[in-house]
Amino acid sequence: MIDETSNIAGDLVVVLSDFHLGDKQGPVPDEFESDAEFEQLLRKLFVDGVSHPTTLVLAGDFIDFSRVLPELGTHGLGHQFGATEQQSLQKLRRVIDSHPIIFESLKGWLEEGHRVLVLAGNHDVDFYWPRVFEQFRSALGSFPPPQLQFVSDGYIHERGLYVEHGQQYTHDNRFEHWPEPILNAPDGPRLERPWGTLFMECVYNDIPELHRYIYAVSPRRRLVGALSGGLLSADRTSWRALSKISRFCVTTGCRPLWRRVCRARNAKRLRQRLRETDARIVVMGHTHVACDREISLGRGIAPVQFLNTGSWLPIFPPLASQFATWHDYDQQPLDRQLRYALINLAGSTPTAELKEFPA
């Protein structure tokens, strides 16, 4: 069985993930535009009279370190080596300066006596650097643990609830040394860099130069359709993007081609993990696809309620054609789906619901 953690205070838990906060002044677009809405959500929870203390879980990819100071991701030490601790500190300072409302709102939440737990995802694995989380703590008023806590186990498993970011159940973003993702590089300690992060730093960070809102085409299967549809248009975005992707895959390996093969294996790995818990409610992020449904863990085992909180980044609504062109997307307004999971652990059976803000 997976060991139980002991981080949650009170009976109410709020889970958010995948904000991907970035650098407003950097060369890579910072897509997060919901700073005011986040502040309003925390105020709404105050007004609704949440019990004290309520635990807020930031369930991974709250900060997108891989899209801040992208030039730091280029080196000749080996694809598997990511940022140093000093580089991660530089990146975090940029994010803090770019999103003062977010950090002031979290500070206010803590001042009210509530709790904040931070799980790392594949985009903010930098929290495993001790000085990085201490800088994060300082930006929120220096509240000590357990009120402000980095959960280095990589998961929360308490009172029938299981929370994890979810990158470990993918083929291209999982860490081989999880949850100890710090390697000895030729120049000293560096973060482990999975293939997906390497792709972000060496390819994806350059793509906005080709099209400003390429990140807003989600989920990724729609991006594949947009790239395919764009090959037949006068717009050269798809040709330039595919050229970059092809060169990268030849250099590092063609893991995207194995997605279909690996999907069943990934699902099997997730179900095996959940079978090792007694959780009745499971909350994850990572995919940016919000859901609230039952999933089966196998014959003779009770199904669990599975919630994904999605992402607060703006996205394009689905278009009629699977192979829409970039011109088609240019004509569409961006949409934001601000969702969070609200879990009540009171009583013998925990309950959970996926809520949208504003309701």
> Any idea what angle helix 220-230 forms with the longest principal axis of the chain, computed on alpha-carbon atoms, 0 to 90 degrees, nearest 10?
Replying inline: 20 degrees
> Any idea what angle helix 259-275 forms with the longest principal axis of the chain, computed on alpha-carbon atoms, 0 to 90 degrees, nearest 10?
Replying inline: 10 degrees
>> To check you understand DSSP bridge types, tell me what percent of the beta bridges within the chain (both residues inside) are antiparallel, rounded to 5.
In response: 55 percent
> Mind checking the dipole of region 79-156: about its Cα centre, +1 per Lys or Arg Cβ, -1 per Asp or Glu Cβ, Debye to the nearest 20?
Replying inline: 120 debye
> Just from the alpha-carbon atoms, what are the Rg and Dmax of the chain in angstroms?
Replying inline: 20.1, 61
>> Counting only helical runs of four or more DSSP H residues, what would the 222 nm mean residue ellipticity of the chain come to if each run contributes -39,500 (n - 2.57) and the total is spread over all its residues?
In response: -9000 deg cm²/dmol
> Relative to the longest principal axis of the chain, what angle (0 to 90°, nearest 10) does the C-alpha long axis of helix 85-98 take?
Replying inline: 80 degrees
>> Take residue 275 and residue 90, extend 7 Å from each Cα along the Cα→Cβ direction, and tell me the distance between the two endpoints in nm.
In response: 4.7 nm
> Based on Cβ point charges of +1 for Lys and Arg and -1 for Asp and Glu, what charge dipole magnitude is obtained for the chain about its Cα centre, in debye rounded to the nearest 20?
Replying inline: 1360 debye
>> Test of understanding: what is the full-extension gain from residue 291 to residue 206, defined as 0.36 nm times their sequence separation minus their Cα-Cα distance?
In response: 27.5 nm
>> Considering the Cα positions of region 261-359, please state its Rg to one decimal place and its Dmax as a whole number of Å.
In response: 17.2, 53
> For the charge dipole of the chain, defined by +1 on Lys and Arg C-beta atoms and -1 on Asp and Glu C-beta atoms about the Cα centroid, which residue among 56, 12, 277 has the Cα displaced farthest towards the positive pole?
Replying inline: 277
> Out of residues 5 or more away from residue 57 or on other chains, whose amide H comes under 5 Å of its own, with H placed 1.01 Å from N in the peptide plane?
Replying inline: 14, 15, 16, 117
>> Would region 75-187 count as rounded, prolate or oblate if I go by the C-alpha gyration tensor, calling it rounded below 1.5 in a/c and otherwise prolate when a/b exceeds b/c, oblate otherwise?
In response: oblate
> R0 = 41 Å: FRET efficiency of residue 252 with residue 25, Cβ-based, nearest 0.05?
Replying inline: 0.90
>> Can you tell me the convex hull volume per residue for region 1-122, based on C-alpha atoms, in Å³ to the nearest whole number?
In response: 130 Å³
>> To make sure I understand the rule: partners must be lysines, Cα under 23 Å from the Cα of residue 24, and not fewer than 8 residues away in the same chain. Which ones qualify?
In response: 91, 107
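Read the figures in this text as sums done on the coordinates, not as results from a lab. Quick caveat, the model's predicted, so the values are computed rather than measured. A quick note on method: Cβ atoms are made from the backbone with ideal geometry, for glycine too, and the neighbour counts reach across all protein chains shown.
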